[in-house]
Amino acid sequence: MNCPQLYVSQGFGDTPWEHPHTGIDIVCPPGTIVVAVANGIFHRDQGSPVACPYPKGRTGGFGSYGVLDAGGRTYLYGHLEAFAVPDNALVTVGQPLGFEGASGCATGDHLHFEVIESGKPINPCPLLPAGYPDRHDPTGMRCWGSAPP
């Protein structure tokens, strides 16, 4: 994502809002291009019609979301506004996949970014590229807040 005002609004793991949060929520302006972090096959999907616990009255979980299968790791991109590639597209690092939005159970525009290994979500913070929010809690496992300029 090329976003000068990027920040992470919710970190990975147990948070005051969701227990546990299985990814991080990266906030940029609506429509910001979301890119592949690895080479692999990108699968498009749509959240289920299940009611959202918050915000009330909405449905859809991750909304329009994509899953990038990169072999040993899977990356989930949630709450997209739209897709930039077809379903089952072979993609490369840095290739646009979609656009940040607020589809599904989202209270505002953001990207829910999740990393899955061996079927379980892992902390994406250590995998973020330079320029993204750093880990900054006593355990070294949380990354949220503003990115350095």
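The values are calculated or read from the model by the stated rules, or taken from the named source; none is laboratory data. Treat the numbers as computed from the prediction; the structure is a model and nothing was measured. FYI the Cβ positions are ideal-geometry reconstructions off the backbone, even for glycines, and counts take in every protein chain you see. SASA here: full protein model, heavy atoms, side chains in, ligands and nucleic acids out. Shrake-Rupley method; radii C 1.70, N 1.55, O 1.52, S 1.80 Å.
The figures follow:
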quantity: Residue selected from segment 62-82 under the condition surrounded by 11 or more Cβ atoms within 10 Å (Cβ to Cβ) and outside any strand (DSSP E or B), by the criterion nearest to the chain's Cα centre (by Cα); calculated: Phe62
quantity: Segment 24-61, residues that are small (Gly, Ala, Ser) and either assigned to a loop (DSSP other than H, G, I, E, B) or open to solvent by less than 20 Å² (accessible area, probe 1.4 Å) (or both); calculated: Gly31, Ala36, Ala38, Gly40, Gly47, Ser48, Gly57, Gly60, Gly61
quantity: Qualifying residue in segment 11-20 (condition: within 14 Å of the chain's Cα centre (by Cα), closer than 16 Å to Phe113 by Cβ, open to solvent by less than 10 Å² (accessible area, probe 1.4 Å) and touching a residue at least 60 places away in the same chain (Cβ under 8 Å)); calculated: yes
quantity: Single match in Leu76, Leu97 (criterion: touching an Asp or Glu at 6+ places or on another chain (Cβ under 8 Å), under 17 Å from Leu127 (Cβ atoms) and modelled with pLDDT of 90 or more); calculated: Leu76
quantity: Matching residues in segment 83-105 - criterion: being among the hydroxyl-bearing types (Ser, Thr, Tyr) and open to solvent by 30 Å² or more (accessible area, probe 1.4 Å); calculated: Thr92
